[in-house]
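The block underneath contains the structure these notes are about, expressed in structure tokens.
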Amino acid sequence: SGDTGSAAIAGCSRFPNLPIFILYPHGRVSDFQRRQMTTMASQNIHIGAIDGSFDDCQAMVKASFRDQSFLPSGFDLVAVNSINWARIMAQVVYYFYAALRLGAPDKMVAFSVPTGNFGDIFSGYIAHRMGLPIDGLVIATNENDVLHTAVESGYYERQEAKKSYSPSMDISVSSNFERLLFDLYDRDGIAIAELMRRFDSEGMILSQSALSRLRALFSSKRVSDLETIEQISSTWLSSGYLLDPHSAIGVNAALKSDFSTETQVVSLATAHPAKFSEAVLATGIDIELEVPLRVSSMFDKEERFDILPNQLSDVQSHIRRLLQN
């Protein structure tokens, strides 16, 4: 959805025998995010702009994991985003580090997390299960509020993702929420398989037991585009700190949340504001966005990517052809 792709490319570009394929929704990431992916020149990097949404991209990845027969002999798939459990484990560290810096376990800490694919906040849940005393986890969503609706009403359904100022959160099918449901339903894989089948076709209603367990740790807040812009502006005026729109959603949700005055609330930040100039400019703040020096040259480089149809068979054929060359 914008940022993991460039991070994965940076990590893999030095290894020519490790081909990496990035799928992103065409026209639905920022210009900065796209260029971070498409200007890397290594021959093992293959960028595919899918004529669809992030949900479409993720569905293709999951389908390809279920049936890898399209791959040439000798190749296997491994995921770099939060489908991969290793990504979740690495993010657990954030919560322990922040809480201990703030005096845990003697002082209570809560976290507000800008949420799209539910990976980062699920890491907070794992930290809690490991014994870290967390007073609460706030699911901060943008106008794509499927998770907020699930927490508030107990009804979880697929929606069409809308374009927003926070594109990395323009997701309606949060992959890692299924992992949480697995625990909420006492790790009953058969029950979860049936729930997810229902979710795909008509939506699901969480059981009262699962909903109660969910609300015991999680709360949720929905933040509109207008509120996002207003939060960037007010934080800048009050502190001189420039938030990117995703981080602004986390801060806004934290401020709306009702925790004890003794609880310290940490809002997780996500990205550099220069990646989202459209949102920052919409605030009317008189500031020149400085692009970090190490990536400023990408605006002078040629972009290299393929626009692909929103069809699994076409994408798989494209991958196979590149691996055979």
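The values are calculated or read from the model by the stated rules, or taken from the named source; none is laboratory data. Predicted, not measured: the structure shown is a model, and the values here were computed from it. Cβ coordinates were reconstructed from backbone atoms using ideal geometry, including for glycine residues, and neighbour counts include every protein chain displayed. The accessibility values were calculated without ligands, DNA or RNA, using every heavy atom of the protein model including side chains. Shrake-Rupley method; radii C 1.70, N 1.55, O 1.52, S 1.80 Å.
A few comments on the model shown:
- Between the listed residues S239, V251, I287, the Cα displaced farthest toward the positive end of the dipole of segment 238-296, a dipole computed from Cβ unit charges relative to the Cα centre, is found at V251.
- Summed residue charge, Cβ within 13 Å of V113's Cβ, Lys/Arg positive, Asp/Glu negative: 0
- Residues of segment 170-294: accessible area per residue with a 1.4 Å probe, Å²: 52 Å²
- Rounded to the nearest 20 debye, the dipole size of segment 83-196 about its Cα centre is 440 debye, using +1 on the Cβ of Lys and Arg and -1 on the Cβ of Asp and Glu.
- Modelled this way, with points 7 Å down the Cα-to-C-beta line, the labels at R321 and E278 are 3.0 nm from one another.
- Heavy-atom SASA rank of D135, D67 (probe 1.4 Å, accessible area, largest first): D67, D135
- The chain: calculated mean residue ellipticity at 222 nm from DSSP helix runs of at least 4, using -39500 (n - 2.57): -13500 deg cm²/dmol
- Between the amide H of V266 and those of A110, F111, S112, distances stay under 5 Å, these residues lying 5 or more places away or on another chain, with hydrogens modeled in the peptide plane.
- Alpha-carbon centroid distance for the pair segment 209-273 / segment 1-65, whole angstrom: 28 Å
- Cα-centred dipole magnitude for the chain, charges only on beta-carbon of K, R (+1) and D, E (-1), debye, nearest 20: 820 debye
- Over 31 Å apart at the Cα level, from the set K162/K275; K163/K301; K107/K163; K221/K301, are K107/K163; K221/K301.
- By average C-beta atoms within 10 angstrom, highest first, the peptides 95-105, 162-172, 4-14: 162-172, 4-14, 95-105
- Computed over protein heavy atoms with a 1.4 Å probe, the carbon and sulfur contribution to the accessible area of the chain reaches 51%.
- Under 16 Å from the Cα of K62 - aspartates and glutamates, other chains or at least 8 residues apart: D76, E178, D200, D314
- Cα gyration tensor shape of segment 1-150, rounded if a/c is under 1.5, else prolate or oblate by comparing a/b with b/c: prolate
- Inter-site label distance for Q159 and I205 at 7 Å from Cα along Cβ, in nm: 2.0 nm
- Among 225-233, 287-295, 196-204, the order from most to least packed when residues are scored by Cβ within 10 Å on average: 225-233, 196-204, 287-295
- As a rough guide to protection, the peptides 240-247, 188-195 ranked by mean Cβ packing within 10 Å, highest first, stand as 240-247, 188-195.
- Relative contact order of the chain, pairs being alpha-carbon contacts under 8 Å that are 6 or more residues apart, as %: 23 percent
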